[in-house]
Amino acid sequence: MPQLKLSILRLNPSISRIQALFKMTNLRARSSTPERDQNLSQANHELFNEHQSKRARLEPEVEDGQKAQPKPENGSTRKDFSALYAPGLYLAPMVRIGTLPTRLLALKYGAELVWGPEIVDKAMIGSERIVDERTGTIHYTKNNGKTSIWQTHPREKSRLVYQIGSADKDLALTAAQTVLQDVSGIDLNCGCPKDFSLKGGMGAALLKEPEKLCGILSHLVQNIPSHPISAKIRLLPSQEDTLELVKKISATGISCLTVHCRTQLMRSTESALLHRLREIVETVKESRANGLPLPVVANGDCFEFKDLEHIKSLTGVERVMIARGAERNVSCFSSDGPADMISQVMPLYIKTGLVTGQGYANAKYCLTTMEIKATPSPTTAQQQPKNNKSIRKEMKTKIQQSKDWETMCALFRVDYLQAKESLILDQVFETNGGS
């Protein structure tokens, strides 16, 4: 991590939600004052102004005098958080891929919401919150800053859902309370089929223990009234069992349910069972006894914006997650179609990674997984025609061989020193256009 002036806050699980979003234009290495905090709060309305006309803003705290909301079945008073879950495309939680630069670019290109990668509860508990006041990036770390747990940035706060991997309600709550001030929603991973999740009783293992699953969700709902709680599940082999599980989950009072339309044993190469989702949507509507809406999000086989309408018509949902499509090209959320990889997306990703303090190893991994196709030729052969497979292969090889930020920047003709010294993300985005 760069040797910058940092302010460090040791976390307390009971820490309250910080209501203000920070405007990056004025972030410098300076101490916080009430006057500055007020100015930063007022600047919140300028963030993501390109999307303001598309959605209402979420203010999780209940204002004085506001009419009380209906009580969910578990007895806790909840606000209607459905405004957060605007219709459209969402970035799915992806380990290693869904790090800060990917999330920021997803929002830039049109995603309505972004999910952070699954973070296991114990990994977050006991971490330090380090704010880089030069760039605004917030680092959650351990071992005196040597171990990075998670990164975020005020620019994404109003659209960010933090996902927890947990098999224990108290650990899940403590982990959630740790990050509340920097996120707009908390999600429980109930679908990850990877061994590390299953062995810990997390992810898809919770699908076999519905009482534990619902117990964790109810505990979060009851103890975090300021934020919406959501869950991401997979289909069970039996549709009947899936519907019964959905009814139980709905009764916990959560504010959103994402359904990955594959079973635990299905591979991503197998077609998603999207046809099973419509009945789930109808079941949610019928079972929601507390009167609050429960948005359902489809996940599976959506790769770019043009797939949205087909999935909506097939399933009855208004919200769809993209995973592999965003891994290949994060501009997949754009209604104008995917942007040019070599001249636009990859250079912008590199600049964003540098500005936010992303570790180079993770940046290289994400760039390596991106799919280079149908783009103008790389800088090493600009006069060659599009779609030249040998050129694309050469570019991929050069990415894999890059040893550090400097060589990666040179490959994409990014001014390393200028990008590294950029103080604000707005400077990066304004010089690259986009939505």
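The values are calculated or read from the model by the stated rules, or taken from the named source; none is laboratory data. Here the structure is a predicted model, which means the values were calculated and not measured. With ideal geometry, Cβ positions are generated from the backbone for all residues, glycine too; neighbour counts draw on all protein chains shown.
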Within region 204-238, considering residues that are part of a loop (DSSP other than H, G, I, E, B) and small (Gly, Ala, Ser), the one farthest from residue 85 (Cα to Cα) = 238
task = Determine, yes or no, whether residue 123 is outside any strand (DSSP E or B), farther than 30 Å from residue 303 by Cβ, at pLDDT 95 or above and in contact with a strand residue (DSSP E or B) (Cβ under 7 Å, 6 or more places away or on another chain).
result = yes
query = Within the group 164, 149, which residue is surrounded by 24 or more Cβ atoms within 10 Å (Cβ to Cβ) and touching a helix residue (DSSP H, G or I) at 6+ places or on another chain (Cβ under 9 Å)?
reply = 164
task = Report whether or not residue 136 is in contact with a Pro (Cβ under 8 Å, 6 or more places away or on another chain), in contact (Cβ under 8 Å) with a residue 12 or more places away in the chain and either crowded, with 19+ Cβ neighbours inside 10 Å or aromatic (Phe, Trp, Tyr) (or both).
result = yes
query = Which numbered condition trips up residue 102, out of (1) buried (at least 23 other Cβ atoms within 10 Å of the Cβ); (2) polar (S, T, N, Q); (3) over 25 Å from residue 337 (Cα atoms)?
reply = (3)
ask   = What is the one condition in (1) farther than 30 Å from residue 300 by Cα; (2) exposed (fewer than 14 other Cβ atoms within 10 Å of the Cβ); (3) at pLDDT 90 or above that residue 414 does not satisfy?
value = (2)
request  = Mind counting the residues in region 131-182 that are closer than 22 Å to residue 111 by Cα and either part of a loop (DSSP other than H, G, I, E, B) or acidic (Asp, Glu) (or both)?
outcome  = 5
query = Just wondering, is there one or more residues in region 239-249 that are in the same structural domain as residue 85 (by TED's automatic domain parsing) and assigned to a loop (DSSP other than H, G, I, E, B)?
reply = no
request  = Examine region 264-274 for a residue that is out of contact with any Phe, Trp or Tyr (no Cβ under 7 Å at 6 or more places or on another chain), in contact (Cβ under 8 Å) with a residue 24 or more places away in the chain and β-branched (Val, Ile, Thr), and state whether such a residue exists.
outcome  = no
key: Residues of region 189-199 satisfying the condition of being at pLDDT below 95 and either outside the structural domain of residue 93 (by TED's automatic domain parsing) or among the small types (Gly, Ala, Ser) (or both)   = 197
task = Those residues that are under 11 Å from residue 89 (Cβ atoms), among the aliphatic types (A, V, I, L, M) and more than 18 Å from the chain's Cα centre (by Cα), I need them from region 285-322; list them, please.
result = 308, 311
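For every residue, the table says whether it meets (1) within 19 Å of residue 280 (Cα to Cα); (2) touching an Asp or Glu at 6+ places or on another chain (Cβ under 6 Å); (3) at pLDDT below 95; (4) surrounded by 19 or more Cβ atoms within 10 Å (Cβ to Cβ).
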residue: 201; (1), (2), (3), (4): no, no, no, no
residue: 204; (1), (2), (3), (4): yes, no, no, yes
residue: 215; (1), (2), (3), (4): no, no, no, no
residue: 219; (1), (2), (3), (4): no, no, no, yes
residue: 223; (1), (2), (3), (4): no, no, no, no
residue: 227; (1), (2), (3), (4): no, no, no, yes
residue: 238; (1), (2), (3), (4): yes, no, no, no
